[in-house]
1. Only helices (runs of 4 or more DSSP H) wholly contained in segment 115-199 count here; list those with 1 or more residues that are surrounded by 20 or more Cβ atoms within 10 Å (Cβ to Cβ), of a type in the set (D, E, K, R) and within 16 Å of the chain's Cα centre (by Cα).
2. Return the total of residues in segment 155-204 being of a type outside the set (Gly, Ala, Ser) and farther than 30 Å from ALA106 by Cα.
3. May I ask you to list the residues in segment 34-46 that are assigned to a loop (DSSP other than H, G, I, E, B) and either of a type in the set (Asp, Glu) or within 12 Å of ASN225 (Cα to Cα) (or both)?
Amino acid sequence: MERKDEAEEAKSKVSVIETWLRKHRLLYVGATRHPFIHSIRDGSVDVSSFKRWLEQDYIFVRAFVPFVATVLLKAWKESFDATDMDVILSGMASLNDEFAWFNKEASKWGVSLTNVAPQKANLDYCRFLESLMSSEVEYTVAITAFWAIETVYQDSFAHCLEDGSNTPEELRDTCQRWGNDGFGQYCHALQSIAEHHLEKASDDVRKRTEAAVLDVLEYEVAFWNMSQGDT
Ligand SMILES: Cc1ncc(CNC=O)c(N)n1
């Protein structure tokens, strides 16, 4: 009888990440339902905003790859579950495709990806990524930040593909890149890994991980703002 109660309790227990998403709902919604995303979804998006986002995001992804490499390194050193590395490596493989995609997309829109000056919000975000690359930053913090970064894009762009959206044909490729079901499953896999490590983490590591997730959400909002020329 007692065992059953424990099982029931375990079933209804809210995960660490779910608790944070509830607690910081407004910020999460701000990062995933930004006016730039709404403008893509309703078809009113300004071409110059989209081009600015594309140029700046390419610079961001160049910095994101070495960050993911350090997450992989930490997984190898600190996790005893081999599937962590498999999932992270699949993320790196898709980043390889992403560079080819950026080049294709840039030529489609007539933008040049070389010699683009990073804007302040982008530099700030890249500097934050670099701080997470330090070997002092625990794997739990890094993998959870990684999950948050990927999930903001997944959730945002999947919203532009939902029924009832009016996303222009020429932007569907972009939305598909991060909004497709496979990318959604990959984000869930990252979430399970992060959650698993958070369950075992000390209060101190948990606190610092929560702070890193909030930082990610704030940097993402600033990043979208930049595309709209707000900074
Ligand atoms: C600013 C930002 N955040 C998240 C992503 C998605 N991850 C890799 O592509 C991205 N491309 N850019």
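1. 139-159
2. Number satisfying all stated conditions: 10.
3. Across segment 34-46, the qualifying residues are HIS34, ASP46.
Residue-wise test of (1) aliphatic (A, V, I, L, M); (2) away from the ligand (no atom under 13 Å from the Cβ); (3) touching a Ser or Thr at 6+ places or on another chain (Cβ under 9 Å).
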residue	(1), (2), (3)
ALA117	yes, yes, no
LEU123	yes, no, no
VAL141	yes, yes, yes
SER165	no, yes, no
ALA212	yes, yes, yes
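Each value in this text was obtained by applying a stated rule to the coordinates, not by laboratory testing. Note that this is a predicted model, so its numbers are computed, not measured. Because the Cβ atoms are built from the backbone with ideal geometry, glycine has one as well, and the counts that use them run over all protein chains shown.
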